[in-house]
Every structure is written in structure tokens, then in C-alpha cells.
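Shown next, in C-alpha cells, is the structure this report addresses.
None of the figures in this text is laboratory data; all of them are computed from the coordinates on show. A quick note: this is a predicted structure, and the numbers were derived from the prediction, not measured. Quick reminder, even Gly has a Cβ in these numbers, built from the backbone with ideal geometry, and neighbours come from all protein chains shown.
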Amino acid sequence: MGVVNITPDSFSDGGRHFEPTRAIEHGLRLAEEGADILDIGGESTRPGAQPVGADEELRRLLPVLAGLSQAGKPVSVDTLKPEVMRAVLASGADMINDVAGFRVDGAFQAVARSRAAIVIMHMQGEPRTMQVDPQYADVVAEVCDYLAGRVRLAQDHGIDRGRIVIDPGFGFGKSQAHNLALLAGIGALTEGGVPVMVGLSRKSMLGRITGRDVDERVHASVAAALLAVERGASIVRVHDVRATIDALAVLAALKA
Ligand code: HH2
């Protein structure tokens, strides 16, 4: 999954693709590089980011969603607002990626009657304060239990299990130790049989390991994606598609 941020303030590439034409060009490039899914987002979820209204979020998303239909790849929309979900589904979105795990009132209902896939992500707390002091007794077990509960609730809302993907939410209310435990423990997340997605690309946990700034984390991001897939992740959400594809090709050759 290739990331297309249409925001002025995303941590990894803030402002670079804020104009719709730039965002569409970027998405088409990622598709050409081999991304199987394009994930577009109109609101930054980085710690401390300012919330954006639904109108503004849609003003950013809709032209890019329309423009990317020519890529011939499924388009995912990264949003936590039910009104945004409904509008983008009516405009052809194939997947809804919700970092809040469909916890906002009406979120499951907004997607239930569509055929879109959904990504349910785990987050402790909310973006503004989630990194202040995250606490878990056993992070892997708690994230597994939480996601299993959300999958059951999604099914109770009439969402077929085959439409659901889960994501442990690296960096969303997690310390460095929590993130590393989750990366090591991806296998446990896959045990329920629901596909696992991970977003590790360019994140600060990789900056802490390597001492590199955000635009110098390609190698660490590729290593993290490879380790995640080896441990059972089915989808990796990445900024550097070409580099990740090459690394995954090596892994695939080994397994062939
Ligand atoms: N991470 C980010 C955003 N959305 N969605 C899922 N499912 N999993 C993730 O790990 C995830 C996500 C943060 O990355 P980015 O979009 O580059 O930055 P920002 O949140 O500032 O837009």
C-alpha cells in the first residue's frame, strides 16, 4: 500500500503533495512502481496534529480520489469520520482505513452497507495526547484482544469477515518498547485468521533506532517492512514503494 498524504502537516512528507494535481501524480507514480493499493489521507494523525473538519477533509480527498481512478488500483481512504467515509464510498473508494478503529459513533454503520474493505487499527488514547505515557501490562496480548473484539463488533454490524483487515497501529499510543514487542509479535496477531496490515514506514521508532531524520529512513523502513511480512503481515503501508517492492521480491524468491 502506497501512502499519498494530502495534508500540509504529515510527519513524513507534509505539504509535498498538498495540491490535488501533485497528489494525483504522486499516487500514479506509486501505482506504476508497483503499489497494489493507494491510501489517501486528508487529515494528519501525527502526535499533536490539529484536527480538520469533514468539509475540508473532503475538499482535499475527493479530487484526488477521482483522479486516481485512472491508476486502476484500489484506493483506500484514511479517515476516522463517518460522514467522510460515506461521501468517499459514494465516490468509489474501495477501502476505509480508520486509525481510530471505527470508534467514532456511526463509523461501522457508515461502511456496513458498502462492499469496501476496512482496516481496523489499534490506538491507545487519541492523537493529540497518545504518546504522553502509554501503558500496557502485555502489549501484544492487549492489542490482539482489542482487535479481536473490534472484528466481532464489525461483524455484529453486518460487515463480512472477509472485508476486514487489522493493524496494531505502530506509534499510536506506544512506547519504543511497545512498538518493538508488537513487531516481534506480529505472528500472534495473525492467529485469528484476519489479514494484518502494518505501517512502520519512516516512523520515529525507526528514527530512534538509526538516529536518522524522517527523510533518511528508507533503509530502516524497508528492513521493518521485510521483517513484518516475514512474520506474517499481509499489507505494508509504505512511502517508498519501489524500494519495498525490491526487498519483498527477494523474500518471495526465497520462499518460492
Ligand atoms: N500510520 C499513519 C497514518 N495512517 N493507518 C494505518 N492503518 N496504520 C498506520 O500505521 C498508519 C495509518 C501515520 O503515517 P503518515 O500518514 O505518513 O503520517 P500522518 O499521520 O502525519 O498523515
*Let me know the charge dipole size of the chain about its Cα centre in debye, to the nearest 20, where only the beta-carbon of Lys, Arg (+1) and Asp, Glu (-1) is charged.*
220 debye
*Please arrange T190, T21 by counting, for each residue, the other beta carbons lying within 10 Å of its beta carbon, fewest first.*
T21, T190
_L183, L189 arranged by Cβ crowding within 10 Å, fewest neighbours leading_ = L183, L189
*Quick one: pull the percentage of alpha-carbon pairs in the stretch 1-157 with a separation above 18 Å.*
58 percent
*Quick one: what are the phi-derived ³J(HN,Hα) couplings along the stretch 119-132, Karplus 6.51/-1.76/1.60 with θ = phi - 60°, whole Hz, x for glycine and proline?*
10, 9, 9, 8, 9, 8, x, 10, x, 4, 10, 4, 8, 5
*Send over the Kirkwood Rh of the stretch 1-83, from the inverse of the averaged 1/r over different Cα pairs, rounded to one decimal Å.*
12.6 Å
*Report, in debye and to the nearest 20, how large the dipole of the stretch 66-203 comes out about its Cα centre when Lys and Arg carry +1 and Asp and Glu carry -1 on their Cβ.*
400 debye
*What are the aspartates and glutamates whose alpha-carbon lies under 16 Å from the alpha-carbon of K73, with same-chain residues fewer than 8 places away excluded?*
E25, E32, E33, D36, D39, D94
*With springs only between Cα atoms under 10 Å, which of D39, D213, D98 fluctuates most in a Gaussian network model of the chain?*
D213
*For the chain, with a Gaussian network of springs between Cα atoms less than 10 Å apart, report the residue from A233, A31, A184 with the top mean-square fluctuation.*
A184
*For the stretch 1-69, give the magnitude of the charge dipole about the Cα centre (Cβ charges: +1 Lys/Arg, -1 Asp/Glu; no others), in debye to the nearest 20.*
120 debye
_Within a 10 angstrom radius of the beta carbon, how do D167, D9, D240 rank from fewest other beta carbons to most?_
D9, D240, D167
*Of F102, P63, M121, which is farthest along the charge dipole of the stretch 1-130 in the positive direction, counting Lys and Arg as +1 and Asp and Glu as -1 at C-beta?*
F102
*State whether the stretch 142-253 is rounded, prolate or oblate according to the following rule on the C-alpha gyration tensor (a ≥ b ≥ c being the square roots of its eigenvalues): a/c under 1.5 gives rounded; otherwise a/b larger than b/c gives prolate, and the remaining case gives oblate.*
prolate
